[in-house]
Amino acid sequence: MCGIIGYVSERDCCGALFEALRRLEYRGYDSAGIAVLGEGGFRVCKKRGGVAGLASFYAEGKTGIGHTRWATHGAPSDQNAHPHIAGKIALVHNGIIENHAALRAELEGEGVRFLSETDSEVLAALVQKYYRGDLLAALREALSRVEGSYAVAVIAEDRPGELAAARYKSPLVAGKGRAGLFVCSDIPAVAQEAEYLAVAGDREFIRIAGGEIGFFDGGLRPVPKVFFRPEGESRAAAVCGSHMRAEIAEIPRALQDTLAALGKADLAPCARALRSAGRVFAVACGTAYHSALAFRDALARDAGVPVFCYSAGEFRYSPPLVRAGDLVVAVSQSGETADTLEAVRLARGLGGFVIAVTNTPGSSLAAEADFTLAMRAGAEIAVAATKSYNCQLLSLWYLAAELLFFRTQRYPSWFSSLKELPAAAEAAFSLFPEADRLADLFKERQGMYFLGRGEDVCTAREGALKVKEIARVFAEGLPAGELKHGPLALVEEGFPVILLSTQRRLAAKCENAAAEVNARGGYTVLLSQYEDVLRQSRARAALRLPVLPEPLMPCVAVIPLQYFAYKMCLERGLDPDRPKNLAKSVTVE
Ligand code: G6P
């Protein structure tokens, strides 16, 4: 999705805007732009391509806005890049204006000429239409005409030192940094420099003026806010060359921090909610959905509680399933994924008790849930989720164990081994040289499968997702039993099949899949913690995983696969932090 930034500084803000955009670039990298308000009015630079394209631009001025784009309306181009200028107004926007066509026709009828195909330029023209010297009032009036979602920031040519912003369904924060007062789409982008910040709620407005930040409700009445100091982003990326590689390296530390935080969490409200819960649901998207599958497996296996696990985008359009008192666990790294948020709103509207498992305690999801279990993966910048997945698994297992304890007064046998996860994750790094070799071997392949059974299915799906996202190779993650129901048709000489076999009760069944693949000339790679399973297998390559209780194996088995995807990406000459067409936080439907 797009990233927006706005500054009102005591000195020139151009450099700070550029730096913030570089940090926001994971939200979109189709095009980028900056508008600075100086002595002679706006100076604007906007270009198709990444933020680096703005590096040579400099303009004097203390008030400015910037944008990095993930195109929705209108192709990536210089014209469609933000900021959009309309008369005295410069605007940056993240979200979608759904009634833009009708508004555009109305404004064109009034003589407005548009330069871009974007819905956002329509909003800029609308603000200009209502602007009579009061920027916040004009923004409010313009937004009252708008259907859709937005995080928007505007500045006016005749109001230096002032900025107005608003949000609806797209995240927005405001705070004070070394370079001045700012609004921004995301906490990680400003975490290192922010002295304090606060999160805007839906339909709230922000005004920066006179050296102060004010938050307002829809009627422009002041809203009191709790400001906080965010945690700084890891600097490991500079050492590792990419955020994704750095974030894989951080998995042990992230697990350790999450364990510490979980130990302090009081889950009694969740346990009470489970007491009255008729049923349990889990909703999430992408990688988070795969961790929800692991939660489902754990509660079913250890507590005999079935969990209805839904992709959030499906859940919100399914018949209304939740009944009053049902427990709904929503998992989201960012806490801003539109489908997950809508699923939560729906569930709460139907009377469900929502537990959010998120890496972002200041997120919309945390604000809307009944209870938040905050994991401590640290800022995750790479588009492809890695360390947050490991921490989601840990947090969800912890939650499942607490719920089980509540029901039976005993913890599952694996509970005490959760503390071994950080060391086991680190031990899994020893598999990277073998993953290097496989990435080299498979780099030209057009497709591959990841197979597993039982608790390994979530790992198979996550491994395939990583390869798709980052290496841009078709990959499918499947229950191994599905192989002969269609997928086997594609297996031919050298076709890679990554097979997970960490559950002893299912090892023989997994070996059947290896035999079926081998018989067609496919190249099977087996991952297991069991020496005998690896030795007796007909797989052509074997990766010996660190030993943990079987229910916890997904947390370590995925690590060589995350790294494998990363390495495949490099082998194919691609940028791991910028997968094609994707964005870190999908804040539009
Ligand atoms: C996007 C990202 C994925 C992520 C998914 C859900 O698609 O590219 O990596 O898993 O959103 O994100 P969330 O923040 O809700 O976990």
Exercise. Within the stretch 376-384, is even one residue touching a strand residue (DSSP E or B) at 6+ places or on another chain (Cβ under 6 Å) and more than 14 Å from the ligand (Cβ to nearest atom)?
Worked result: no
For this session: Go through (1) of a type outside the set (D, E, K, R); (2) assigned to a loop (DSSP other than H, G, I, E, B); (3) open to solvent by less than 10 Å² (accessible area, probe 1.4 Å); (4) away from the ligand (no atom under 16 Å from the Cβ) one by one and return the number of the condition Gly335 breaks.
Result: (4)
For this session: With the checklist (1) free of Cβ contacts under 8 Å to residues at least 60 places away in the same chain; (2) surrounded by fewer than 21 Cβ atoms within 10 Å (Cβ to Cβ); (3) within 16 Å of the ligand (Cβ to nearest atom); (4) more than 26 Å from Thr360 (Cα to Cα) in hand, flag the one item Arg472 doesn't pass.
Result: (1)
Problem set entry | Where a residue in the stretch 263-280 is over 16 Å from Tyr398 (Cα atoms) and its partner, wherever it lies, is among the small types (Gly, Ala, Ser), with Cβ under 7 Å and at least six apart | Ser276/Gly325; Ala277/Gly325; Gly278/Gly325
For this session: Looking only at the stretch 436-445, decide whether some residue is away from the ligand (no atom under 16 Å from the Cβ), under 21 Å from Phe564 (Cβ atoms), without any contact (Cβ under 8 Å) to a residue 60 or more places away in the chain and not in a helix (DSSP H, G or I).
Result: yes
Exercise. Right, Glu402: open to solvent by less than 10 Å² (accessible area, probe 1.4 Å) and modelled with pLDDT under 95 or not?
Worked result: no
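Take Ser116 and tell me if it is over 22 Å from Ala174 (Cβ atoms), among the polar types (S, T, N, Q) and open to solvent by less than 20 Å² (accessible area, probe 1.4 Å).
On the way: over 22 Å from Ala174 (Cβ atoms): yes; among the polar types (S, T, N, Q): yes; open to solvent by less than 20 Å² (accessible area, probe 1.4 Å): yes.
Taking the combined requirement at face value, the residue satisfies it.
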For this session: Give me a count of the residues in the stretch 31-49 that are open to solvent by 40 Å² or more (accessible area, probe 1.4 Å) and either in contact (Cβ under 8 Å) with a residue 24 or more places away in the chain or aromatic (Phe, Trp, Tyr) (or both).
Result: 4
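State which residue is surrounded by the most Cβ atoms within 10 Å (Cβ to Cβ) when the search covers only the stretch 475-501 and only residues that are of a type in the set (Gly, Ala, Ser) and away from the ligand (no atom under 16 Å from the Cβ).
Restricting attention to the stretch 475-501, the residues satisfying the condition of being of a type in the set (Gly, Ala, Ser) are 475, 477, 480-481, 486, 489, 494, 501.
Now drop any that are not away from the ligand (no atom under 16 Å from the Cβ), which leaves 480-481, 486, 489, 494, 501.
Numbers: Ala480: 29, Gly481: 15, Gly486: 9, Ala489: 10, Gly494: 13, Ser501: 31.
Filtering first and then ranking leaves Ser501.
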Exercise. So which residues in the stretch 296-320 are touching a residue at least 40 places away in the same chain (Cβ under 8 Å) and within 14 Å of the ligand (Cβ to nearest atom)?
Worked result: Gly313
For this session: Inspect the stretch 312-322 for any residue being among the polar types (S, T, N, Q), open to solvent by less than 30 Å² (accessible area, probe 1.4 Å) and more than 25 Å from Leu404 (Cβ to Cβ) and give the result as yes or no.
Result: yes
Exercise. How many residues are within 14 Å of the ligand (Cβ to nearest atom), at pLDDT 95 or above and either more than 26 Å from Gly28 (Cβ to Cβ) or surrounded by fewer than 24 Cβ atoms within 10 Å (Cβ to Cβ) (or both) if we restrict to the stretch 355-368?
Worked result: 0
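Select from the stretch 84-113 the residues that are under 13 Å from Gln128 (Cβ atoms) and assigned to a loop (DSSP other than H, G, I, E, B) and write down the one among them that is most open to solvent (accessible area, probe 1.4 Å). Spell out the reasoning first.
Of the residues in the stretch 84-113, the ones under 13 Å from Gln128 (Cβ atoms) are 84-91, 103, 107, 110-113.
With assigned to a loop (DSSP other than H, G, I, E, B) added as a condition, the list becomes 87-88, 110-113.
Numbers: Gly87: 58, Lys88: 87, Glu110: 104, Gly111: 49, Val112: 42, Arg113: 172 Å².
Looking at residues that are under 13 Å from Gln128 (Cβ atoms) and assigned to a loop (DSSP other than H, G, I, E, B), I get Arg113.
The values are calculated or read from the model by the stated rules, or taken from the named source; none is laboratory data. The model shown is predicted, which means the values in this text are computed figures rather than measured ones. Every residue, glycine as well, gets a Cβ built from its backbone with ideal geometry; the counts of neighbours run over all protein chains shown. These area figures cover heavy atoms from the full protein model, side chains too; ligands, DNA and RNA do not enter into them. Shrake-Rupley method; radii C 1.70, N 1.55, O 1.52, S 1.80 Å.
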